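S.K.: The structure under discussion is supplied below as structure tokens; questions concerning it will follow.
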Amino acid sequence: MNGKIYLTPGPTELYPQIDKFVIEAINENLLSANHRSDVYIDIHKKVVQNLKSLMNIPDDFDIFFVSSATECMDILIRSTVRKNSFHFVNGAFAERFYKTSLELNKVADSVTVEYGESFEFTEINNKPELIAFTQNETSTGVYLDPEFIYQYKKLFPNAVIAVDIVTSAPYVNLDFSKIDAAFFSVQKGFGLPAGLGVLITNKKVLNKSLELKSSGISIGSFHNIPDLKKFSDLNQTTETPNVLNIFLLNKVTEDMLRKGIGKIRQETIEKAELIYNFFDNYKYKPFVKNKKDRSPTIIVIDTRDETEKIKSILKSNGIIVGGGYGKFKNSQIRISNFPGQEKFHYEKLINILSKS
Ligand SMILES: *Cc1c(COP(=O)(O)O)cnc(C)c1O
């Protein structure tokens, strides 16, 4: 470690004690164990239980381990959309989901808002089979109220309601009975190395994939829902998985459960208030103007033409923040506020910036 603190949107600062957990995995010979062995099955079973307890995921949902969040978008479109999907586009990651559907030759419709803003209620005219939401848009720092999402479940009871929670999990308190699928990757809110995606789906997603398959539509070969389900019922994965990361996710979720999700949420809110309060009164302001749309976990600041200067002042003091995303690369910084990141990191950041 070079002594720097990474307050980047992801990959980000590793969760405390990861070094100890990695050594434990090596010492227990876990990384040489077969992924069909009892050693692996035991870890798989535990991490699924931990995630269900931590995020209040009902028992009849399945949890699949794949390679990334982007892959989850691909799996969901392939497995549940014969023809139509609909996308709420509030930034670059939502746009990626939308493009995935187009690239898989589906008829994808969308409603797009200005970056930094959120949605008004929007009528959807056709009957989409999947409706996609990016609940925490990492490119803009916009947080979508879960209640906004739930109303579409009521309006479209047959559609798969799919929610990207990559940078809000495990902070976001989702009511899984009001959605059908959610996904995240572990290099964001769980503070792990990249290379593991977690896809959470209910029976509707499974049934839709079986229906498409039996009507002769290709739902893909690698990581299709029926195969993922067949192996997850055995507490296994279809192929040799990222065992180290699954082990680490087990350790991190164990630690989060010990701490309590209530406390994690409370601390996240407190740290977010500290950061937003500072920037609301600073020369560079938060990008998201409407307070109710501001993400507690990804904070985007308009730093205009001083982006490089600010990043380098922080860097020389040991703090790495993210640049803006895409066209905002040189005019914004992005600061993450994940469960593994401690309040004093932000106090230090504020202290440095107050003096410059
Ligand atoms: C990072 C991110 C993704 C992509 O995650 P990968 O693990 O790189 O595939 C998708 N959606 C959001 C909101 C993200 O922040």
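S.K.: If I filter segment 217-230 down to residues being free of Cβ contacts under 8 Å to residues at least 12 places away in the same chain and within 15 Å of D62 (Cα to Cα), which single residue comes out as least open to solvent (accessible area, probe 1.4 Å)?
M.R.: The extreme case among them is D227.
S.K.: May I ask you to list the residues in segment 298-356 that are closer than 24 Å to N90 by Cα and basic (K, R)?
M.R.: R304, K327, K329, R334
S.K.: Any residue at all in segment 131-141 that is out of contact with any Ser or Thr (no Cβ under 8 Å at 6 or more places or on another chain) and either among the acidic types (D, E) or closer than 21 Å to I219 by Cα (or both)?
M.R.: Scanning segment 131-141, I find no residue that is out of contact with any Ser or Thr (no Cβ under 8 Å at 6 or more places or on another chain) and either among the acidic types (D, E) or closer than 21 Å to I219 by Cα (or both), so the answer is no.
S.K.: List every residue pair whose Cβ atoms lie under 6 Å apart, where the two residues are 6 or more positions apart in sequence or sit on different chains, the first residue falls within segment 9-27 and is within 16 Å of the ligand (Cβ to nearest atom), and the second residue, located anywhere, is in a loop (DSSP other than H, G, I, E, B) and among the β-branched types (V, I, T).
M.R.: As it stands, the answer is P9/T138, since those pairs meet every condition given.
S.K.: Turning to a different aspect of this structure: Pairs needed: first member in segment 150-166, in contact (Cβ under 8 Å) with a residue 24 or more places away in the chain; second member anywhere, open to solvent by 40 Å² or more (accessible area, probe 1.4 Å) and of a type in the set (S, T, Y); C-beta distance under 6 Å; at least 6 residues apart or different chains.
M.R.: That search, which allows pairs on different chains as well, returns nothing.
S.K.: Could you list all residues from segment 110-149 that are within 18 Å of the chain's Cα centre (by Cα) and in a strand (DSSP E or B)?
M.R.: I131, A132, F133, T134, N136, E137, V142, Y143
S.K.: Right, something else. In segment 159-216, what residues are surrounded by fewer than 18 Cβ atoms within 10 Å (Cβ to Cβ) and either modelled with pLDDT under 95 or within 14 Å of the ligand (Cβ to nearest atom) (or both)?
M.R.: Residues satisfying the conditions are P193, A194, G195.
S.K.: Sticking with this one: How many residues are within 16 Å of the ligand (Cβ to nearest atom), within 24 Å of F190 (Cα to Cα) and open to solvent by 20 Å² or more (accessible area, probe 1.4 Å) if we restrict to segment 258-315?
M.R.: Result for segment 258-315: 1.
Rundown of residues vs (1) of a type in the set (S, T, N, Q); (2) open to solvent by less than 40 Å² (accessible area, probe 1.4 Å), yes/no style:
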residue	(1), (2)
G10	no, yes
D19	no, no
S67	yes, no
E103	no, no
V107	no, no
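S.K.: Can you tell me which residue in segment 75-99 is farthest from the ligand (Cβ to nearest atom), limited to those that are over 24 Å from F121 (Cα atoms) and surrounded by fewer than 24 Cβ atoms within 10 Å (Cβ to Cβ)?
M.R.: Among them, the one singled out is R82.
S.K.: Condition check: in contact (Cβ under 8 Å) with a residue 24 or more places away in the chain, over 23 Å from K289 (Cα atoms) and of a type in the set (S, T, Y). Does S101 satisfy that?
M.R.: It is true that S101 is in contact (Cβ under 8 Å) with a residue 24 or more places away in the chain, over 23 Å from K289 (Cα atoms) and of a type in the set (S, T, Y).
S.K.: Just checking, how many residues over segment 58-74 are out of contact with any Gly (no Cβ under 7 Å at 6 or more places or on another chain) and either modelled with pLDDT under 95 or within 12 Å of the ligand (Cβ to nearest atom) (or both)?
M.R.: The total comes to 3.
S.K.: Just to be sure, is N136 closer than 30 Å to V22 by Cβ, at pLDDT 95 or above and in contact with a strand residue (DSSP E or B) (Cβ under 9 Å, 6 or more places away or on another chain)?
M.R.: Answer is yes for this residue.
S.K.: Might you check whether a residue that is free of Cβ contacts under 8 Å to residues at least 40 places away in the same chain, outside any loop (DSSP other than H, G, I, E, B) and not hydrophobic (A, V, I, L, M, F, W, C) occurs anywhere in segment 277-285?
M.R.: yes
The values are calculated or read from the model by the stated rules, or taken from the named source; none is laboratory data. Here the structure is a predicted model, which is why all the values come from computation and not from measurement. FYI the Cβ positions are ideal-geometry reconstructions off the backbone, even for glycines, and counts take in every protein chain you see. Surface areas here come from the heavy atoms of the whole protein model, side chains and all, with no ligands, DNA or RNA. Shrake-Rupley method; radii C 1.70, N 1.55, O 1.52, S 1.80 Å.
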